[in-house]
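Structure first, then comments.
The values are calculated or read from the model by the stated rules, or taken from the named source; none is laboratory data. Just so it is clear, the structure is predicted and the values come from calculations on it, not from any experiment. Note that we place each Cβ from the backbone using ideal geometry, even for glycine, and neighbour counts take in every protein chain shown.
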Amino acid sequence: MGAAYTPGLTVAEQTIVRKVRRLPLKGEVLVEVGQQVAAGDVVAQTKLPGQISQVNVAGKLGIAPDELPELLLKQVGDEVRKGEAFIQTRGLFGWFKSSLPAPIDGTLDSISGVTGKVIFRGPPTPLQKTAYVQGTIVDVQAEEAATVEVRGSFVQGIFGIGGEATGPLEVIVERPDQTLEAGMIRPEHKGKVVVGGGVVTAEAVKRAAEVGVAGVVAGGLNDADLRDFLGYELGVAITGEEKLGVTVMVTEGFGPIAMARATFELFRKRAGALASINGATQIRAGVVRPEVIIPVGPDEPFEAREEDEADNILQVGTPLRAIRDPYFGQIGKCVDLPVQLERLASEAEARVLVVEFEGGTRATLPRANVELIKG
């Protein structure tokens, strides 16, 4: 029987997930190994350098650059207030002196006797890194990072937008193919992660942002609606930095695609539990997937199966998802793995597989055009 190694999305009711919470610059890690943390707990913090502002002093005052040091009223490292004079000329016989105001609050960072410029740096910006998920600290890198281990359910999506958010999980549709419409989003959903079934409309996402919903999960999303509420065409860069007021994850793809029944039933089973969602996505090099993580409670049974290499083996019977047109997002299973290469419409030759989609339709696809569904 043929087989092939193929990466895939994870949909697991019980698994172990480790999230590394890393600072962009060295700072202070506030937790210890073995410590229990909540999703909102700060695990590390640092200070980002303040903004830089440059003043061409020599040009503005008509002086030589090498005159700067003796005319400055402030020295390198001194604090300044916006509008406060930091340099003053001698004037003529003590009269007609000229001065320049500091452009920002901060410190005088450096001067150049060559260019005649003075550089100011604004106050540093505090940055705190939260745990993001409820769990246990299992590793600490001094001044840099802490790793949180969480035991629970883990669902990866195919695409998302928006950053990290946390809230109680609530399924607000009855079927995995039911459209998530704006009228279903109510004020009581504020702060929650709501789950739809099929496609989520642009109006529903906008309504979710207005209400203050933490996150929206659905099977599909129309690309025209994506452009509508983003206000621009999304390129190939990583998502996750959008300021929409709500995080969105789709589990299947673009268009009116029903959520996989197993995924939908998992969300229904975990409804009411605290969920962490992140829409960050990158499909190309350095793949990043959007995700929903739902920790189990201390009194809930937990029996995670360790993932091994066999979890990524494509073989007959393996559930999978098409990730290229014209079958993008459709769910099915592998029914044959021909050994010989086949010529594609592009005239290239590639290894293929035969997939049977839900509903019985069969298609022959390049193996690179599918992704495993791991449970």
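Being within 26 Å of Phe154 (Cα to Cα) and among the aliphatic types (A, V, I, L, M) narrows it down to one residue among Leu9, Leu30, Leu100, Leu68; which is it? Even if it seems obvious, please write down each step before you answer.
On the way: Leu30 fails: within 26 Å of Phe154 (Cα to Cα); Leu100 fails: within 26 Å of Phe154 (Cα to Cα); Leu68 fails: within 26 Å of Phe154 (Cα to Cα).
Answer to the check: Leu9.
With respect to Ala218, is the statement that it is over 19 Å from Arg289 (Cα atoms) and buried (at least 24 other Cβ atoms within 10 Å of the Cβ) true? Before the answer, list the steps.
On the way: over 19 Å from Arg289 (Cα atoms): no; buried (at least 24 other Cβ atoms within 10 Å of the Cβ): yes.
No.
In segment 17-34, what residues are closer than 17 Å to Arg151 by Cα and buried (at least 17 other Cβ atoms within 10 Å of the Cβ)? Can you show your working first?
If we filter segment 17-34 for residues that are closer than 17 Å to Arg151 by Cα, which is where we start, we get 17-21, 33-34.
Hits for segment 17-34 are Val17, Lys19, Arg21.
Go through (1) surrounded by fewer than 24 Cβ atoms within 10 Å (Cβ to Cβ); (2) in contact with a His (Cβ under 6 Å, 6 or more places away or on another chain) for Lys190 and report which single condition fails.
If we test Lys190 against (1) surrounded by fewer than 24 Cβ atoms within 10 Å (Cβ to Cβ); (2) in contact with a His (Cβ under 6 Å, 6 or more places away or on another chain), just (2) comes out false.
Please list, ordered by residue number, the strands (runs of 3 or more DSSP E) wholly in segment 116-189 having 3 or more residues that are farther than 20 Å from Val292 by Cβ, in contact with a Lys or Arg (Cβ under 9 Å, 6 or more places away or on another chain) and without any contact (Cβ under 8 Å) to a residue 12 or more places away in the chain. Give the derivation first.
Numbers: elements: 117-121, 125-130, 135-141, 145-156, 159-161, 164-171.
Passing ranges: none, list empty.
Residues Thr201, Thr125: which one is in contact with a strand residue (DSSP E or B) (Cβ under 9 Å, 6 or more places away or on another chain), closer than 30 Å to Leu68 by Cα and at pLDDT below 95? Before the answer, list the steps.
On the way: Thr201 fails: closer than 30 Å to Leu68 by Cα.
It is Thr125.
Count, please, the residues in segment 292-326 that happen to be in contact with a helix residue (DSSP H, G or I) (Cβ under 8 Å, 6 or more places away or on another chain), part of a loop (DSSP other than H, G, I, E, B) and either of a type in the set (A, V, I, L, M) or at pLDDT 80 or above (or both).
The number of residues fulfilling the criteria is 1.
For Glu143, are the conditions met, namely being exposed (fewer than 15 other Cβ atoms within 10 Å of the Cβ) and closer than 19 Å to Gly50 by Cα?
Details: exposed (fewer than 15 other Cβ atoms within 10 Å of the Cβ): yes; closer than 19 Å to Gly50 by Cα: no.
Answer is no for this residue.
Tell me, yes or no, whether segment 220-230 has at least one residue that is closer than 25 Å to Asp41 by Cβ and not basic (Lys, Arg). Give the derivation first.
Taking segment 220-230 as the starting set, the residues that turn out to be closer than 25 Å to Asp41 by Cβ are none.
No, there is no match, as no residue in segment 220-230 is closer than 25 Å to Asp41 by Cβ and not basic (Lys, Arg).
Which count do you get for residues in segment 338-367 that are surrounded by 14 or more Cβ atoms within 10 Å (Cβ to Cβ) and either in contact with a helix residue (DSSP H, G or I) (Cβ under 8 Å, 6 or more places away or on another chain) or in a strand (DSSP E or B) (or both)?
11
Just to be sure I understand the filter: pairs with C-beta atoms under 8 Å, separated by 6 or more residues or on different chains, first member in segment 204-229 and in the same structural domain as Gly157 (by TED's automatic domain parsing), second member of a type in the set (Asp, Glu). Which pairs pass?
Short answer, once both residue conditions are applied: Ala204/Glu181; Val205/Asp225; Gly219/Asp177; Gly219/Glu252; Gly220/Glu252; Arg227/Glu233.
Does Arg289 qualify as being at pLDDT below 80 and either surrounded by 12 or more Cβ atoms within 10 Å (Cβ to Cβ) or in the same structural domain as Gly157 (by TED's automatic domain parsing) (or both)? Write out each step before concluding.
Working: at pLDDT below 80: no; either surrounded by 12 or more Cβ atoms within 10 Å (Cβ to Cβ) or in the same structural domain as Gly157 (by TED's automatic domain parsing) (or both): yes.
Considered against the rule, which asks whether it is at pLDDT below 80 and either surrounded by 12 or more Cβ atoms within 10 Å (Cβ to Cβ) or in the same structural domain as Gly157 (by TED's automatic domain parsing) (or both), Arg289 comes out as no.
Output the strands (runs of 3 or more DSSP E) that fall wholly within segment 70-111 and possess 2 or more residues being free of Cβ contacts under 8 Å to residues at least 60 places away in the same chain and farther than 17 Å from Gln51 by Cβ, or say none.
85-88, 99-101
Which condition from (1) in contact with a Leu (Cβ under 6 Å, 6 or more places away or on another chain); (2) outside the structural domain of Thr115 (by TED's automatic domain parsing); (3) loosely packed, with under 15 Cβ neighbours inside 10 Å is the one that Gly40 breaks?
Evaluating Gly40 over (1) in contact with a Leu (Cβ under 6 Å, 6 or more places away or on another chain); (2) outside the structural domain of Thr115 (by TED's automatic domain parsing); (3) loosely packed, with under 15 Cβ neighbours inside 10 Å leaves (1) as the failure.
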